[in-house]
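First the structure, in the form of structure tokens, and then the observations on it.
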Amino acid sequence: MVDNSNALHFDAFAPVALPVGITGNNAPSDATVRFYANGSDRLFGLDLVRDTLKDAARKIVDLSARARRTTIFFINAHCVNTVIRDQQYQQALQSADMLLPDGSGLRLAAKMAKRSTPSNLNGTDLFPEICAEAAKNGQTIYLLGGKPGVAAEAVEHMEAQYGEGLFAGEQHGYFDESETDNVINAINASGASILMVGFGVPLQEKWVNAQRDRITTSTVMAVGGLFDYYSGNIPRAPLFVRKAGCEWIWRLAQEPRRLAGRYIAGNAKFIMTAIGYALIARGIRQRYIDASKRSLDLSIALLVLLLLGPLVAAICLLITAEDRGSPFFMQTRIGEDGKPFRMWKFRSMFKDAEARRAELLNQSERDATCFKMKKDPRVTRVGSWIRRLSIDELPQLWNVVKGDMSIVGPRPALPSEVAAYPEEARGRLAGKPGLTCIWQVSGRADIPFDQQVAMDIDYLNRRSPLFDLSLMVKTVPAVISGRGAY
């Protein structure tokens, strides 16, 4: 797992919200370290176990024999669809020590994203391997789930193959919630080393997550409809169908009414999700966003410079007339990835403003990171007016044309401010700085620095041409109101 952790972190990306990484601060379990010893295949931000069926079964039984607490869940196309919409299921997955890849859908998604192809460790093929290993090592299994009689039939069928005494007990899944204590007590009393829970996704994962601390069984696995196959109630597809990755078609043919939604609508939804993931994984979506953003920036910057040419000339005359200094002010600011650049502004302060800054630092009305004063004595009369309307920022359109800045993005900071940034604030440097941003339209300088950082990082995580346009529109009333402009 990523960073040797056994917790999941979920985030959002277009076109749909998906898990984007297995991360966390908890120390990895012994089971996690052992299972991921051969590496993992990363897909949809999930680190999936890379192993053969026989080796995976051997590890499961070995960890159970050594009483290593292990929680195992499978991930298939249906699971990906479910995790998008189900917060509780996301939380349940966080309890897993390992995730096993299941089905041809994941392999298709991996090919689309040009990622390594994951193993197919589906529960139906893995179950007999586990039974064989458990029988060889004297470990016992408890089956929980299915309709009344189904688990018992699966036990009878498998013990006929692998020997009596392999199963410590079984219990159907149609028990009342009030019976939960009795069910868990029976599981614990059985002495089983492996518990297989077959309630279906996502109910089984949620149940395991809620009850895991009360279950003394070393290994707990969520196995879906596994027992139906090994009870003989539902025949498996012929081997050639399975090898072709089309077992889902066989299953759909067996139970068309029950599985139509999952396999017809569900597979279509998964393919759209896989396409969206592939666009991101291969960088296509980001390249499109970057190109669109640059085109939008250039179009707006050049148009505004053309339309406001007379206003720019008038402001230049007013600034020069007040104190005979240059109408422009250039200052080094820090841009994308920490790269410095020269930023243009209309000069709104007296010519000796920088020399007087040090004596005013202790009067700053902001925290130590950024210097701001509502009544800064260095601001000229013309400067006060152009600041209130943010007209002093107009020359930065030239920075936009040059490519140093964007219309929308985190405001560019001074080198001294960046040097004082706490670690979390450095995330603001992950994109081009802009003329406007979320906190600029939400109160400007009245927004505390830590909130500015959070807003900037939020913008960078979900930036898009449409989002940029919405912030540009919101900038107009924010400028007119003058709130937080000083």
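For segment 265-298, the tally of residues that are of a type in the set (S, T, N, Q) and either open to solvent by 70 Å² or more (accessible area, probe 1.4 Å) or under 18 Å from the mean Cα position of the chain (by Cα) (or both) stands at 2. Among the residues of segment 212-269, the ones that are over 19 Å from Asn76 (Cβ atoms) and either in contact with a Leu (Cβ under 9 Å, 6 or more places away or on another chain) or not polar (S, T, N, Q) (or both) come to 14 in all.
Which of the residues that make up segment 400-421 are assigned to a helix (DSSP H, G or I) and either over 28 Å from Ser299 (Cβ atoms) or of a type in the set (Val, Ile, Thr) (or both)?
Val400, Val401, Pro415, Ser416, Glu417, Val418, Ala419
The set of residues in segment 33-60 being basic (Lys, Arg) and open to solvent by less than 30 Å² (accessible area, probe 1.4 Å) consists of Lys59 alone.
Can you list the helices (runs of 4 or more DSSP H) lying wholly within segment 81-181 that have 1 or more residues being open to solvent by 20 Å² or more (accessible area, probe 1.4 Å) and touching a Gly at 6+ places or on another chain (Cβ under 7 Å)? Reasoning before the result, please.
Numbers: elements: 87-93, 104-112, 123-137, 150-162.
Answer list for segment 81-181: 104-112, 123-137, 150-162.
Going by the structure shown, is Ala301 under 30 Å from Ala151 (Cβ atoms) and either open to solvent by 50 Å² or more (accessible area, probe 1.4 Å) or in contact with a strand residue (DSSP E or B) (Cβ under 9 Å, 6 or more places away or on another chain) (or both)? The answer is no for Ala301. If you check Ala268 against the conditions, is it within 14 Å of Leu108 (Cα to Cα) and part of a helix (DSSP H, G or I)? Criteria met by Ala268. So is Arg262 at pLDDT below 75, surrounded by 15 or more Cβ atoms within 10 Å (Cβ to Cβ), assigned to a helix (DSSP H, G or I) and of a type outside the set (Phe, Trp, Tyr) or not? No, not satisfied. When residues in segment 409-454 are screened for being of a type outside the set (Lys, Arg) and under 19 Å from Ile289 (Cβ atoms), 12 of them pass. For segment 210-238, the set of residues classified as free of Cβ contacts under 8 Å to residues at least 40 places away in the same chain and within 17 Å of Gly123 (Cβ to Cβ) consists of Ile234, Pro235, Ala237, listed by residue number. Within segment 127-141, track down each residue that is closer than 18 Å to Phe199 by Cβ and within 35 Å of the chain's Cα centre (by Cα). Result: Phe127, single match. Checking each residue in segment 422-461 for being open to solvent by 20 Å² or more (accessible area, probe 1.4 Å), not polar (S, T, N, Q) and not in a helix (DSSP H, G or I) picks out Pro422, Lys432, Leu435, Ile438, Pro448.
In segment 196-219, what count of residues is obtained for those that are β-branched (Val, Ile, Thr) and open to solvent by 30 Å² or more (accessible area, probe 1.4 Å)?
2
Scanning segment 316-331 for residues that are open to solvent by less than 50 Å² (accessible area, probe 1.4 Å) and within 16 Å of Trp398 (Cα to Cα) gives Cys316, Pro327, Gln331.
Considered as a group, the residues in segment 61-74 that are over 17 Å from Ser95 (Cβ atoms) and in contact with a helix residue (DSSP H, G or I) (Cβ under 9 Å, 6 or more places away or on another chain) include one that is most open to solvent (accessible area, probe 1.4 Å), and that residue is Arg66. Name the residues in segment 220-241 that are open to solvent by 80 Å² or more (accessible area, probe 1.4 Å) and in contact with a helix residue (DSSP H, G or I) (Cβ under 8 Å, 6 or more places away or on another chain), would you? Asn233, the sole residue that qualifies.
Each row is one residue, and each column tells you yes or no for (1) charged (D, E, K, R); (2) out of contact with any Cys (no Cβ under 9 Å at 6 or more places or on another chain); (3) at pLDDT 75 or above.
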| position | (1), (2), (3) |
| --- | --- |
| Met1 | no, yes, no |
| Pro15 | no, yes, no |
| Thr23 | no, yes, no |
| Leu43 | no, yes, yes |
| Arg69 | yes, yes, yes |
| Phe74 | no, yes, yes |
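The values are calculated or read from the model by the stated rules, or taken from the named source; none is laboratory data. Here the structure is a predicted model, which means the values were calculated and not measured. Cβ: placed from backbone, ideal geometry, glycine included. Neighbour counts: every protein chain shown. In case anyone asks, the SASA skips ligands and DNA or RNA and just uses the protein heavy atoms, side chains included. Shrake-Rupley method; radii C 1.70, N 1.55, O 1.52, S 1.80 Å.
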